[in-house]
């Protein structure tokens, strides 16, 4: 009789452990699913190095005006490339002061491009803030304003990006690729 009690206790302990493991797996799966849902509602980049928009405005742009959000990301990336190139040119000029004519000519090009893209960025910042405030005050009027002005704004950003990318394209070729970029290139 004592042996039979041990068999029952051992079997029930195994069943209890299996139930606990299943519950933990279910809870973990639920947590992962909840995190993925939360992540879809947040922009991958909530603050920009070169674009002065509040985090709420960036999140609004990501959710309500995705085409504009993507252009903000592109503008920020191009501004970062231009800043890196200007820094590189400054370092070259300090290392080779006798060659400053060559460096100055190139720096002039990059400063002009930087000025052009900053002007577009300022316009986008003002318009995006206007979209956000209008939408927060009155959803219908905000949507109407976005529909009315978005196409012209995105076209202007696209035009600026086209000019800037014609020059920054050569910088991207010389950049070292990250592991993530190399994997992306393999599968694309």
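The numbers here are math on the coordinates, done by the rules we state, and not lab data. Small disclaimer: the values here were computed from a predicted structure and weren't measured. Counting neighbours? That spans all protein chains shown, and the Cβs are built from the backbone with ideal geometry, glycine included.
What ranking do 74, 110 get, fewest neighbouring Cβ atoms within 10 angstrom at the top?
Numbers: 74 16, 110 19.
So the residues, fewest neighbours to most, are 74, 110.
With a Cα-only, solvent-free Debye model of segment 91-165, what are the log10 I(q)/I(0) values at q = 0.17, 0.21 Å⁻¹?
-0.72, -0.90
Between residue 172 and residue 27, take the C-beta separation as r, use R0 = 30 Å, and let me know the FRET efficiency to the nearest 0.05.
Details: r = 44 Å, r/R0 = 1.48.
It comes out at approximately 0.10.
Taking the simple approach of a point 7 Å from Cα along Cα-to-Cβ for both residue 101 and residue 116, what is their distance in nm?
With each label placed 7 Å out from Cα toward Cβ, I get 2.6 nm.
So, in nm, how far is label residue 156 from label residue 74 when the simple model puts each one 7 Å beyond its Cα toward the Cβ?
1.6
Using R₀ = 35 Å, calculate the FRET efficiency as 1/(1 + (r/R₀)^6) where r is the Cβ-Cβ separation of residue 163 and residue 139; round to 0.05.
Working: r = 35 Å, r/R0 = 1.01.
Computed FRET efficiency for residue 163 and residue 139: 0.50.
Starting with the fewest neighbours, write out 120, 80 ranked by other beta-carbon atoms found within 10 Å of each beta-carbon.
Details: 120 20, 80 14.
By the 10 Å Cβ count, ascending: 80, 120.
List 71, 170 from most exposed to least, where exposure is judged by having the fewest other Cβ atoms within 10 Å.
170, 71
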